[in-house]
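Taking it in order: structure first as C-alpha cells, then the write-up.
The values are calculated or read from the model by the stated rules, or taken from the named source; none is laboratory data. These numbers were taken from a predicted model, which means no experiment stands behind them. As a convention, Cβ positions derive from the backbone with ideal geometry for all residues, glycine included, and neighbour counts pool all protein chains shown. Keep in mind that these areas ignore ligands, DNA and RNA; they rest on the heavy atoms of the full protein, side chains included. Shrake-Rupley method; radii C 1.70, N 1.55, O 1.52, S 1.80 Å.
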Amino acid sequence: MIDMKIEKLLVLVLCFAFLTSCKEEKVLEQPMESVVTTFYLIRHAEKDRSNPENTDPELNQDGLGRAIRWAEVFDLVPLDAVYSTDYERTTMTAAPTTVKKELTLQYYDPKDIDMAQFMSENLGNNVLIVGHSNTTPEFVNKLIGTQKYDDIDDYDNSNLFIVQIVNGKATDIRLKIN
C-alpha cells in the first residue's frame, strides 16, 4: 500500500513537473542600452562675394579663418563622419576638420536625401554636416521632426546646431560661435 502511494505521488510530481515545464517561460527584459546619435550642423564659412555671378565661390580670408576655427571647435569631439554639399564653400569649410580628424569627406544632396536612410546609416555616430543658409536649418528641422528653424541670414556664418537623438527622441540647441 505504501509503494502504491509513493508511486501515485511520484506520478503526480512528474505530471506537475511536465505541465509546468510546458508553460512559456517569462524572460525578464533587460533595459536596452541607450543609442545616442549626435549631429552637428553648420553653414559654410564666409564666401568670396567679389563676383556676384559666380554660383560656386570659394571662401574669402575671413571664411578660411572661420573654417580653421571650426576645426578647433570640433577638435575634442570624436567625429565619425563629415558630410558636405558639393560646393567649394562647403567643402572648404569642412576640409580643416576632415583633415584633422583623418576622415573622408562625404557628399550629400539636400534635395535628394533619404532622411530615414541617412539617420540609420549614422545611428550611434557623431556627425558633422556642412550646408547653406537654407539647407542647414531645413536639415535640422527634418532631424527633429518639426518646423522650428528658419533660413539663416545670408551674412551669418556663426550658427552651430546640435541635434542629439537618444533612442529615437530628438533634442536640439542652436549656438552662435564667433
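Residue-wise HN-Hα couplings along segment 143-155, as the Karplus relation 6.51 cos²θ - 1.76 cosθ + 1.60 with θ = phi - 60° gives them from phi, are 5, 8, x, 8, 8, 9, 10, 9, 3, 8, 4, 4, 9 Hz; Gly and Pro carry x.
Between LEU59 and ASP48, the built amide H atoms are under 5 Å apart, and every one of these is 5 or more places off in sequence or on another chain. Using the Karplus relation 6.51 cos²θ - 1.76 cosθ + 1.60 with θ = phi - 60°, the per-residue 3J(HN,Hα) values for segment 87-100 come to 10, 4, 5, 7, 5, 5, 5, 6, 3, x, 5, 4, 5, 4 Hz, with x marking Gly and Pro. Counting Lys and Arg as +1 and Asp and Glu as -1, what is the net charge of the other residues whose Cβ lies under 11 Å from the Cβ of ASN126? Net local charge, ASN126 excluded: 0.
Averaged over its residues, segment 116-172 has an accessible area of 47 Å² per residue, based on protein heavy atoms and a 1.4 Å probe.
Could you look at segment 23-171 and say what percent of its accessible area is carbon and sulfur, using a 1.4 Å probe and all protein chains? Display every interim value, and only then the final one.
Working: 4130 of 8750 Å².
Carbon plus sulfur share of accessible area: 47 percent.
Database remark: amide H of ARG43 closer than 5 angstrom to the amide H of GLY131, ASN159 (H placed geometrically; neighbours at sequence offset of 5 or more, or on other chains; Pro and chain starts carry no H).
Our coupling estimate for segment 121-131, obtained by passing each phi through the Karplus curve with A = 6.51, B = -1.76, C = 1.60 and θ = phi - 60°, is 5, 10, 4, x, 9, 10, 10, 9, 10, 10, x Hz, Gly and Pro reported as x. Can you give the local net charge around ASN178? Use residues other than it whose beta-carbon is closer than 13 angstrom to its beta-carbon, Lys and Arg +1, Asp and Glu -1. Spelling it out: positives minus negatives among the neighbours equals -1. Relative to one another, the C-alpha centroids of segment 69-114 and segment 148-178 are positioned 16 Å apart. Taking every alpha-carbon pair under 8 Å whose residues sit at least 6 apart, segment 59-178 reaches a relative contact order of 20 percent.
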